[in-house]
Structure formats: C-alpha cells, structure tokens
1. Counting only C-alpha contacts under 8 Å and six or more residues apart, can you give the relative contact order of the chain as a whole percent?
2. Over the range 1-40, what is the relative contact order in percent, taking alpha-carbon pairs closer than 8 angstrom and at least six residues apart?
3. Return one quarter of the surface area of the convex hull spanned by the alpha-carbon atoms of the range 182-280, equal to its mean projected area, in nm².
4. Sorting 198, 142 on the 10 Å Cβ count, fewest up front, what's the list?
5. With springs connecting C-alpha atoms under 10 Å apart, model the chain as a Gaussian network and identify which of 58, 170, 233 has the largest mean-square fluctuation.
6. Which one of 101, 182, 132 has the biggest mean-square fluctuation once the chain is modelled by GNM with Cα springs under 10 Å?
7. Just 242, 261, 140 to compare: in a GNM of the chain, with alpha carbon springs under 10 Å, which one fluctuates most?
8. Can you quote the Å³ per residue value for the convex hull of the Cα atoms in the range 2-279, rounded to an integer?
Amino acid sequence: MKFWLGVAYLEPDELLDMARLADASGYHGIAVSDHVFYPEKLSTPYPYTHDGSPPFTPGTPWPDPWVLIGAMAAVTTRLRFMTNVYVAPARNPFLVAKQVGTAAVLSGDRVALGVGAGWMREEFEQLGQPFGDRGRRLDEMIEVVRALWRGGMVEHHGEHYDFHRLQMSPVPAAPVPIYCGGQSRRAIERASRLDGWIGNAYPPERAVELVGRVRRERGDRDFEVIVSLLARPDADLYRRMEDAGVTGLLCAPWMRPDATEASARRAAVERFAETVVARL
C-alpha cells in the first residue's frame, strides 16, 4: 500500500518542513490541491457536501500547485508528488504541459498529474475558459499534453485545440502518469483510459463499492486507485482495501482536533508513519 500525505489547508510556511518529514518518514508521496481564488459571491454548489457549501473559506490558502511541488521537490530526494486534483480545463493546455513537464524534469520524474473537470464556474469564467464543455476539453487536453511531452515537433487538429508543428523543451525523460479524480460516471470512464483514479473521502463500504466500479471499468489491475477513508487508522482495514484493489491511501494525520500547533501536526505525521506506514 502506498501512503500519500494530503497537505490541503496547511499553512504555506509549514509545507516544506512537512515535505522533508514525509520524505524521511517513508510516505510514498504528497498530494497537493488546487484553487486559484474564492469568489465573494459563489453561486456554484460544491458537489461533495449535502448543502453545496465548500468545506473551506475565502481565507483558506491555495498555493499554486506546480510552484509548491517544485519547491518541495528541491528539498526532498525520494518523495513523489501529485495534484489532487488540478483543474486542468480551466487553463491553457500549453501552460499545463509546460508547468507539469518542467516539474517532472527538475524533480527527476517524481510527479504525477491528477486532473479533474472542475466544479466552480466562477473560476473558469475569470480564467477565460468555457465551463460547459470542460469535460470534453479535458479529454482532448490530455492528448495534447502527452504529445507535447514526447518531444520533437508535434501538431494537433482537434475540436477544441488546433495548432501546427511546434516543439516544447525541456520534456520529461519518462511519461508523466495522469490520474483522474471524481466519482461521476464520466469521471470514472475517463480515469479508466488513463493511469489511475483518485477518489474522495468515503466510509470503507462506499470505498469498496466505488473501487469495484472503477476496476470493472478498467478491466485489469495495472492501474492506480487512490482513496481516502473516513475511518480510524487500522492495519486490517488497509489490507482489506488493498485486497479490494486500492493501491494508494490519501491520509492527513495532522488533521487532529488537538493538533493546533505546527509541532503537534508534525508529531501526528511521524506517529502515523511509525504505527501504520512502516508496518504496511
């Protein structure tokens, strides 16, 4: 089982120390979340709560994922990094390819791109990208960035993106894995064509149900399946998840009611590494 440390909501000045700690403590990687801003008037409902309210506030820090990953990669040697998830269709595909490709080169190919279609219409509008066709554009964008990462002159003539021969450099030495987040039918179908699926946080039974859907859609086990569990840490539970087809667990042991200080959050991450990560 691979353990990914989620760092959403942590203060920016804690993140490099947390990356060093995760690297030294045996975690497989760090997952970084993405938002550009929080609008004062938010009309788009958040899809993962009953009332549509986001579980964060306008003041929640959202460092740029690729700047942050570059900084964390510079202070670690083994740790891997992924986005959970990057709202790629809210961006220009050339900038996505350039940012991710550069991070892969400078980190020694320690990055994975976790993408999602996105949910906040206001973000798309301010970034100058259409919201309604974001899923179809994401599918085509994945073709574009993969072509650009192969190096050499490439061209693309599609429904949403069209360009003549050009070349991007530098490019990754190895293919960057691309995972898809989301639990809708379209998100799971998209993930099945890529390198992995990133789920949300679920009770164990719901996780097993969704992982089964993903595995049936994919049809083989050479595929990453990463989820978070709404349950107390338990080695037997994690082994059961592994048997069900989960390859990676997102965890945030620093998110404890008593971990109000940075030192307490680091201690919680170390404790989880000693009692769970090292044993599995």
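Every read-out reported here was derived from the displayed coordinates using simple, explicitly stated rules and does not represent laboratory data. Note that the structure is predicted; figures quoted are calculated from it, not measured. Don't worry about glycine lacking a Cβ; one is built from the backbone with ideal geometry, like all the others, and counts go over all protein chains shown.
1. 18 percent
2. 54 percent
3. Taking a quarter of the hull surface, the average projection is 6.8 nm².
4. 142, 198
5. Greatest mean-square fluctuation among the candidates belongs to 58.
6. Result for the chain, Cα springs under 10 Å: 132 fluctuates most.
7. With Cα springs under 10 Å in the chain, the top fluctuation among 242, 261, 140 is at 261.
8. Enclosed volume per residue, from the Cα hull, is 133 Å³.
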